[in-house]
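S.K.: Dropping a structure here in structure tokens format, bear with me for questions.
The values are calculated or read from the model by the stated rules, or taken from the named source; none is laboratory data. The structure presented is a predicted model; accordingly, all values stated were derived computationally and were not measured. Counting neighbours? That spans all protein chains shown, and the Cβs are built from the backbone with ideal geometry, glycine included.
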Amino acid sequence: MPDLIHSLLNQDIGHLRIIADLWRLELVSTDSESARDELSASLLDFNLLADHLASLPSEADSALAALIASNGRIAWATFTRQFGDIREMGAGKRDREHPHRNPISTSEFLFYRGILARAFFETDKGSQEFAYIPDDMFELMKEESVVLSLSKERKNLANFAGLAVKNSEPLGRPASPAEKGTEIPADDSILDDATTLLAALRMSRADWQFDLQLDALLTTANLISPSPRGRGARGEGEVNAEAAKTFLESPRKDALKTLYDSWLASDSFNELKLMPSLVCEGEWMNSPRETRNTILGFINSVPANKWWSVASFIQAIKQSQPDFQRPAGDYDSWFIKRASDGQYLRGFDSWNEVDGALIRFVINILHGLGRVDLSIAEGTTEPTSFRLSSFQSTKEERGKIRVSSNGKISIPNDAPRVVRYQIARFCEWDEHGLDAPRDASTSLSLRSARGYSTTRNEYKYHITAQSLKHAKEQGLKAEQLLSLLVKHTDSKVPPPLVKALKRWEANGTEARAETQTILRVSQPEVLEEMRKSRAGKFLGEVLSPTAVIVKSGAIQKVMEAMIELGLFADVEDHSSLVE
């Protein structure tokens, strides 16, 4: 940081005289350069500095304590949000209005005493404006004898300043009894959801409600190729078959670690732009990996085996490190809307809905990845406390499949994931199974929190001619399905189903069930007359002298043509059956 002389370099003689007056000094020099030298020598006098600091009001104490605890500098936007801004005015207006006599803020109070300065410094996020204490003055302030001259309040503030975050000091507080409710231990159910999503993508299921966060996570883990429409497109990436096979065959603890490590190292998994409550627009860029690591640093400071208040944790970050993801404290250049009503969320007033919500979102993702336990208090819908989890995935995948003679298949959730993935591709998915489509806006991290797997423990499928045909189009054979079923049911596949699969493999579809609209008339002559009219082109296969199939979607035109022939038709039971 610049020293005192360089911090005063752009100040005119009038400003330097204001500083001297506030320090009760007589400034002899009449030009700016000499005055800076004279003033700096006086302000850096050890005893004078200690006496002056001891005389400051408590508000100034708080600001200095925050700066001292933050190694002498704080982002300007952060500092001024807590301690106020400085009015911009030229020398003439300053000399007329005397702002130093009635400062509007603590920042202005310290600025006109030469203790606070502002400048741009290079950071890993680029050039950023800071409030700072001149370097040589800051070094003196850290001396023990100066600290001893401070009030007890200031010493406490210097140790526990709200704008300083130390890794050894957790943010927030332990959860209160009211914040501890239904406990939701961390688990590895995300692996089962991943299996379902991979199977759905491989089948190109248009009806599946894709979980955008899970889709992005599997893309990050290279299990899915990126969507051709770019980041954010739902369910359009292709499964990387070999990588998926390795993932599905690996032990659950290894598969879970794969997902966690991929997420941790990802520059493309952008939590802010994946939050279902927000819509991000425009070409602005954020730094998801850096932000993620910062939030994880906050979370890892929480004591082990201790339930921690989510609300107090987020509030403490708001007070101490609100700009954790914002370069230079910029809250206006990112175009973010509230998804529920399209309202733009700009300015620091929107911090809770954007930055605070992001912290909550990351906590939930950690739960989904088996790293955090959650608790939801009575009467609430979101987690109210969290705890670092000691969960270790020990579940063994040895469950056996059950198959009925009518082609229905039940797969327990402890069956091998790779087997379910393979079988699912041959089947229709039962709407009562664990992998029935659900609300796509539900984050992967809240699956267990909202009870999706608490009442069911099986994935249910059924084999149909259409599902076998679809599988065949993907290069799969019915004999492969039969082999899987035999192996994973201990050869308990019902003989009728074995016979049906073998016949289908040999002959394909041998019967077809259709829903048709049938026109029945009272006499053969009526039907003959209709076939000669303009209605004839809408009539299909003749079933009898008085019955004929109406082509799909043409019943209304047939009825209109009948009226032209002097005939009225009734529709029986809303089933398009006409007499």
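S.K.: Which condition breaks for residue 493 when tested against (1) modelled with pLDDT of 90 or more; (2) out of contact with any strand residue (DSSP E or B) (no Cβ under 9 Å at 6 or more places or on another chain); (3) outside any helix (DSSP H, G or I)?
M.R.: It is condition (2) that residue 493 fails.
Here is a yes/no grid of residues against (1) in contact with a Lys or Arg (Cβ under 8 Å, 6 or more places away or on another chain); (2) small (Gly, Ala, Ser); (3) free of Cβ contacts under 8 Å to residues at least 24 places away in the same chain; (4) surrounded by 14 or more Cβ atoms within 10 Å (Cβ to Cβ):
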residue: 281; (1), (2), (3), (4): yes, no, no, no
residue: 285; (1), (2), (3), (4): no, no, yes, no
residue: 298; (1), (2), (3), (4): no, no, no, yes
residue: 308; (1), (2), (3), (4): yes, no, no, yes
residue: 341; (1), (2), (3), (4): no, no, yes, no
residue: 349; (1), (2), (3), (4): no, no, yes, no
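S.K.: Of the residues that make up segment 253-274, is at least one over 30 Å from residue 397 (Cα atoms), hydrophobic (A, V, I, L, M, F, W, C), out of contact with any Ser or Thr (no Cβ under 6 Å at 6 or more places or on another chain) and surrounded by 15 or more Cβ atoms within 10 Å (Cβ to Cβ)?
M.R.: yes
S.K.: Among helices (runs of 4 or more DSSP H) lying entirely in segment 1-104, which contain 1 or more residues that are in the same structural domain as residue 122 (by TED's automatic domain parsing) and within 30 Å of residue 349 (Cα to Cα)?
M.R.: Values: elements: 4-7, 13-22, 32-43, 46-54, 58-69, 76-83, 91-97.
Answer list for segment 1-104: 58-69, 76-83.
S.K.: Collect the residues in segment 248-275 that are in contact with a Phe, Trp or Tyr (Cβ under 7 Å, 6 or more places away or on another chain) and not in a helix (DSSP H, G or I), keeping them in residue-number order.
M.R.: If the condition is that a residue be in contact with a Phe, Trp or Tyr (Cβ under 7 Å, 6 or more places away or on another chain) and not in a helix (DSSP H, G or I), then 269, 275 are the ones that fit.
S.K.: Continuing with this model, one more query. Every residue in segment 508-525 that is among the aliphatic types (A, V, I, L, M) and either part of a loop (DSSP other than H, G, I, E, B) or at pLDDT below 75 (or both), please.
M.R.: 511, 513, 521
S.K.: Oh, and also: When you scan segment 59-84, how many residues do you find that are in contact with a Gly (Cβ under 8 Å, 6 or more places away or on another chain) and without any contact (Cβ under 8 Å) to a residue 24 or more places away in the chain?
M.R.: 0
S.K.: If you take the residues in segment 326-370 that are polar (S, T, N, Q) and not in a helix (DSSP H, G or I), which one is farthest from residue 123 (Cα to Cα)?
M.R.: This residue is 340.
S.K.: Moving on to the next point. Here is a list of conditions, (1) at pLDDT 90 or above; (2) touching a Lys or Arg at 6+ places or on another chain (Cβ under 9 Å); (3) over 14 Å from residue 404 (Cα atoms), and residue 487 meets all of them except one; can you say which number that is?
M.R.: (2)
S.K.: If residue 302 satisfies every condition in (1) more than 22 Å from residue 199 (Cβ to Cβ); (2) β-branched (Val, Ile, Thr); (3) without any contact (Cβ under 8 Å) to a residue 12 or more places away in the chain but one, which is the exception?
M.R.: (3)
S.K.: Being of a type in the set (S, T, N, Q) and under 18 Å from the mean Cα position of the chain (by Cα) is the requirement here; does residue 350 meet it?
M.R.: yes
S.K.: Okay, next question. When residue 459 is evaluated against the numbered criteria (1) of a type outside the set (Asp, Glu); (2) surrounded by fewer than 20 Cβ atoms within 10 Å (Cβ to Cβ); (3) under 16 Å from residue 199 (Cβ atoms); (4) at pLDDT 90 or above, which criterion, by number, is the only one it fails?
M.R.: Residue 459 satisfies every listed condition except (2).
S.K.: Inside segment 457-505, can you point out the residues that are of a type in the set (D, E, K, R) and free of Cβ contacts under 8 Å to residues at least 12 places away in the same chain?
M.R.: Matches in segment 457-505: 472, 473, 487, 499, 503.
S.K.: Further question on the same structure: Do we have any residue at all in segment 374-385 that's touching a His at 6+ places or on another chain (Cβ under 7 Å), surrounded by 15 or more Cβ atoms within 10 Å (Cβ to Cβ) and assigned by TED's automatic domain parsing to the domain that holds residue 261?
M.R.: yes
S.K.: Given the criterion surrounded by fewer than 19 Cβ atoms within 10 Å (Cβ to Cβ) and either in contact with a Leu (Cβ under 8 Å, 6 or more places away or on another chain) or over 30 Å from residue 202 (Cβ atoms) (or both), identify the matching residue among 535, 554, 471.
M.R.: Numbers: 535 fails: surrounded by fewer than 19 Cβ atoms within 10 Å (Cβ to Cβ); 471 fails: surrounded by fewer than 19 Cβ atoms within 10 Å (Cβ to Cβ).
When all the criteria are applied, what remains is 554.
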